[in-house]
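Structure record follows, encoded as structure tokens.
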Amino acid sequence: MKIEISDYALTKNFKKLIVKLIKTANKYSKCCQRKIEVEISFVDSDKIRQLNRDCRGIDKETDVLSFPVLNLKPMQKVNLKDFKDDINPETKLLMLGDIVICEEVAKKHAEEYNHSYEREVCYLVVHGFLHLLGFDHMEEEDKKVMRALEEAILKKHKITRDF
């Protein structure tokens, strides 16, 4: 598993926690493919607004965007044989996609929800990763499934609102 985190001011321990969260999310989601790679980038509000406008047609800032490479369904077990064209020739790993997090919006949400910035980033990483695996929250039933999975993953690592 390869998790690339853009050059950003996160401590080494916090980066390790992010990797653990993704490994847990991967396991809980039943993807269970260890030969994957994901890129996580942190951007400012102007950049996330531009991405949101260009990619989704929504001209406003947001907290996290996910750009899946594959068209997966929730809880789909990933087999490398089924995605030969999506394997990075340099790393020999299956590229799942990119997660883009807006630092400014994450800080604002942390204040609004009365928890730490670190807890908010952990939530956004898990949320973004689940989107890469096909999870969504547009329909109420799908939202319940995704939220329960997010909370279980965060709880596994003792990441609560008090974190």
> Mind checking the angle between helix 45-56 and the chain's longest principal axis? C-alpha axes, 0 to 90 degrees, to the nearest 10.
Replying inline: 50 degrees
>> Give the separation of the Cα centroids, region 79-99 to region 25-70, in Å.
In response: 17 Å
>> Can you compute the helix-only [θ] at 222 nm over the chain? Use -39500 (n - 2.57) per DSSP H run of at least 4 residues, normalise by all residues, nearest 500 deg cm²/dmol.
In response: -14500 deg cm²/dmol
>> To test your reading of the geometry: what angle, between 0 and 90 degrees and rounded to tens, separates the Cα axis of helix 117-132 from the longest principal axis of the chain?
In response: 30 degrees
> In a solvent-free Debye calculation with one equal scatterer on each Cα, what is log10 I(q)/I(0) for the chain at q = 0.13, 0.17 Å⁻¹, listed in the order of the q values?
Replying inline: -0.60, -1.07
>> For a quick check: sort I18, I5, I153, I48 by the number of other beta carbons within 10 angstrom, fewest at the front.
In response: I5, I18, I48, I153
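Report the trypsin sites (Lys or Arg not before Pro) located in region 57-163 that are in a DSSP loop and have at most 13 other Cβ atoms inside 10 Å of their Cβ, or state none.
Filter output for region 57-163: K60, K77, K92, K158, R161.
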> In nm, to one decimal, how far is the modelled label at D136 from the one at L80, with both set 7 Å along Cα→Cβ?
Replying inline: 3.0 nm
>> What is the angle, in °, between the Cα long axis of helix 140-156 and the longest principal axis of the Cα atoms in the chain? Nearest 10 is fine, range 0 to 90.
In response: 80 degrees
> Given the options V69, V100, V121, which has the most mean-square fluctuation in a GNM of the chain, springs set between C-alpha atoms less than 10 angstrom apart?
Replying inline: V69
>> If you restrict to DSSP beta bridges whose two residues both lie in region 2-156, what percentage is antiparallel, to the nearest 5?
In response: 35 percent
> Non-local amide H neighbours of I36 (under 5 Å, H modeled in plane, Pro and chain starts lacking H): which ones?
Replying inline: K2, L94
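No lab work stands behind these numbers, since they all come straight from the coordinates. Just so it is clear, the structure is predicted and the values come from calculations on it, not from any experiment. Neighbour counts run over all protein chains shown; Cβ positions are idealised from the backbone, glycine included.
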